[in-house]
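Okay, so here's the structure we're looking at.
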Amino acid sequence: MIRPKDLVISTMMCKRCAACFRRPYTVCPIYEEFGRIPPFSPPSIIFLGSTILFKQMKASSELAVIPYACTLCGSCSANCGQFLLHLRWETPARLFEGIRSLFIEEGAVPAKISEVLNNLAKFGNAWGLSLSSRTAWEKDLNIEVPEYTSEKEYLLFVGDAAFIDEAKPAIRSLVSLLSAAGMSFGTLKEREVDSGDMARELGEYGLFEELARKNIETFTKHRVKKIITVSPHDYNTFVIDYLRLGFKAEVYHYAQLLDQLISGKKLRPVKSVTETITYHDPCFLGRYHGIFDSPRRIIKAIPGANLVEMERKGRYAFCCGGGGGRMWYDPQEPTRTRISNIRVNQARNVGAKVIVTACPYCKSMLLASDNLGEINIKDLAEILAASCL
Ligand code: SF4
Ligand code: SF4
C-alpha cells in the first residue's frame, strides 16, 4: 500500500517523457489495446492522479475507466528511466493502485469493479459464489485432498484458481504431483478466504486489510509456517503485504517447489511430451519477483519438450491482460485489440504450439484469445503431471 505522501511525490516526479510506453515495440499493453491514444498510457494515468490529488479535477466514474484499464503489469516500471515507479515501495505499479484508491475514496469506480469489491466483502471471493464452490475443483480427483492441520508441513493456498474453470485442471495436477512426491500438505478447504490481493490491486486498502487479517488469524491459529500458492498474485501479497501486517512465513509459488522436487529426484519427468513450447512469464511472478528460471527448468526437464523463447520474455515480458482486475473488467466492448491476442501472436511468431504459463488468470485470459488457431494453452503443473504421473 502506498502512503498519500509518496503518492504526491511520485506523481510530481513523472517527466512525461514517454520512455515507459513508446519504444520500437509497445511496452504498455493498454496503450496498444486502445489503439495508441494518449489517455491510455502510464504518464496519462499519473497525470490524472496528480490533477485529482491537487484538486484540479474530481474523481468520477467516467474518468475511472483510465486507471482501471491498467493491468498493473509493471512493464512501465521496468522501462521508466527515472525509476519513478519503484520509488519507496517494493513492487512495480503500486503507484497505480494508489491512484485507484483516490477513486475508491470518492465512490467513483466502474460498476463491474464495484461488483467485484462487494463480492469480496460479502462472500470472500470475487465471483460472489458460495462457500462450497471453493472445493468444487476436488470432485474430479481420484485422490483425497488433505485438510491442513498444524502437523502438515505446507499449507496449499488455492486462491482464485478454485473458481476459474480453466485453472481447475492445474490445481488437480498440482495436488497429484505433491502427493506423488510424498509432500506433507493440506488446504484450508472452506476456511480459506480471498488473500485480499485483488482488493488491494483495485485500490480498496480497507477491504484488503480486512481480508488479510482474517487469513492471518487462521494461519496463526493453525501455526502455518510454509505456504505454497497457486496464484502469483497471492504469492506477491503474502510476501510483501502480509509481512507488513506482521505475518511471516516461508512462501513458495508452486513453480519454485516443483523445480526443487525435480532436482531432489522426488519427481521424475519420464514420459515424453513432444511439443514446441514457449513460456509466458506471469507479470506478478516474473517482473515482480524475478522468478524466471524455475518454470523454464521444469519445462526443460520434460523429455521431448522443445522450449522456444518469445522476444518479449522475462523482465520485459508482455502481459496477458488479466491483472489489476481486468479478469473481470473490460473497459471497451467489443475490445479493439485484445491484449491476449497480441501475446498469442508473439508465441506464434516463434513457432510455439503450446503456451505454458503458471498463473490462473494468465491461462484464462490466453484461452479467451480469439486467434488461438492451432495453439494450446497449458499450465506448468499440467504438463509436468503429464510427464511424471
Ligand atoms: S518513463 Fe517514467 S518519467 Fe517518463 S513518462 Fe514514463 S513514468 Fe513518467
Ligand atoms: S502497469 Fe502495465 S498496463 Fe499499467 S500503465 Fe504500466 S505498462 Fe501500462
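Would the stretch 168-292 count as rounded, prolate or oblate if I go by the C-alpha gyration tensor, calling it rounded below 1.5 in a/c and otherwise prolate when a/b exceeds b/c, oblate otherwise? The shape class here is prolate.
The sum of -39500 (n - 2.57) across all DSSP H runs of n ≥ 4, divided by the residue count of the chain, sets its helix-only mean residue ellipticity at 222 nm to -11000 deg cm²/dmol. Cross-link partners of Lys189 among aspartates and glutamates, defined as those whose alpha carbon lies under 18 angstrom from its own and excluding same-chain residues fewer than eight positions apart: Glu138, Asp140, Glu144, Glu147, Glu151, Glu153, Asp160, Asp165, Glu217, Asp234.
Length gained on full extension, Arg297 to Leu389, computed as 0.36 nm times the residue gap minus the Cα-Cα distance: 31.3 nm.
From the square roots a ≥ b ≥ c of the eigenvalues of the alpha-carbon gyration tensor of the chain, which class results: rounded (a/c under 1.5), prolate (a/b over b/c), or oblate? Since a/c reaches 1.5 but b/c is at least a/b, the shape of the chain is classed as oblate.
Between Leu202, Leu129, Leu48, find the one with the highest GNM mean-square fluctuation for the chain; connect C-alpha pairs within less than 10 Å. Fluctuation is largest for Leu129. Taking all protein chains into account, the per residue accessible area for the chain stands at 39 Å² (1.4 Å probe). Label-to-label distance, Ser150 versus Glu374, with points set 7 angstrom from Cα along the beta-carbon direction: 5.8 nm. Note on Leu141 and Glu105: with the Förster distance fixed at 41 Å, the Cβ-Cβ geometry gives a FRET efficiency of about 0.40.
Compute the helix-to-body angle for 339-349: its Cα long axis versus the longest principal axis of the chain, expressed 0 to 90° and rounded to tens. Once rounded, the angle reads 60 degrees. Computed from backbone phi with θ = phi - 60° and the Karplus coefficients 6.51, -1.76 and 1.60, the 3J(HN,Hα) list for the stretch 265-271 is 6, 7, 10, 10, x, 10, 7 Hz; x is used for glycine and proline.
In percent, rounded to a whole number, the relative contact order of the chain is 18, using alpha-carbon pairs under 8 Å and six or more apart. Measuring nothing but protein heavy atoms, the accessible surface of the chain at 1.4 Å probe radius is 51 percent carbon and sulfur. Each Lys and Arg adds +1 at its Cβ and each Asp and Glu adds -1 at its Cβ; summed about the Cα centre, the stretch 4-109 shows a dipole of about 380 debye.
The alpha carbon centroids of the stretch 114-140 and the stretch 332-389 are separated by 25 Å.
Only the Cβ atoms of Lys and Arg (+1) and of Asp and Glu (-1) were treated as charged; on that basis the dipole of the chain about its Cα centre amounts to roughly 1000 debye.
The residue list Ile52, Ser77, Leu367 was ranked by how far each Cα lies along the charge dipole of the chain toward its positive end, using unit charges on Cβ atoms, and Ser77 comes out on top. For the set Glu97, Glu209, Glu151, the ranking by accessible area, highest first and with no ligand, DNA or RNA atoms included, is Glu151, Glu209, Glu97 under a 1.4 Å probe. Taking every DSSP beta bridge that has both ends in the chain, the antiparallel portion is near 5%. Measuring from centroid to centroid over Cα atoms, what is the spacing of the stretch 257-291 and the stretch 53-81 in Å? Centre-to-centre (Cα) distance: 33 Å.
Once you order the gyration tensor axes a ≥ b ≥ c over the Cα atoms, which shape class does the stretch 4-109 get: rounded for a/c under 1.5, otherwise prolate or oblate by comparing a/b with b/c? The shape class here is oblate.
For the cross-link pairs Lys214/Lys266; Lys139/Lys363; Lys248/Lys313; Lys5/Lys122; Lys112/Lys226, the ones whose C-alpha atoms lie over 23 Å apart are Lys214/Lys266; Lys248/Lys313; Lys5/Lys122; Lys112/Lys226. The angle between the Cα long axis of helix 4-13 and the longest principal axis of the Cα atoms of the chain comes to about 70 degrees, rounded to the nearest 10. Look at the dipole of the stretch 314-354 built from charges on Cβ: of Gly321, Val344, Gln332, the Cα furthest out on the positive end belongs to Val344.
To the nearest ten degrees, helix 42-53 and the longest principal axis of the Cα atoms of the chain are 60 degrees apart.
To the nearest 20 Debye, how big is the dipole of the stretch 54-199 about its Cα centre, given +1 on the beta carbon of each Lys and Arg and -1 on that of each Asp and Glu?
400
The values are calculated or read from the model by the stated rules, or taken from the named source; none is laboratory data. Given the structure is predicted, the values throughout are model-derived calculations rather than measurements. Cβ atoms come from the backbone with ideal geometry, glycine included; neighbour counts cover every protein chain shown. Note: areas computed on protein heavy atoms with side chains; ligands, DNA, RNA excluded. Shrake-Rupley method; radii C 1.70, N 1.55, O 1.52, S 1.80 Å.
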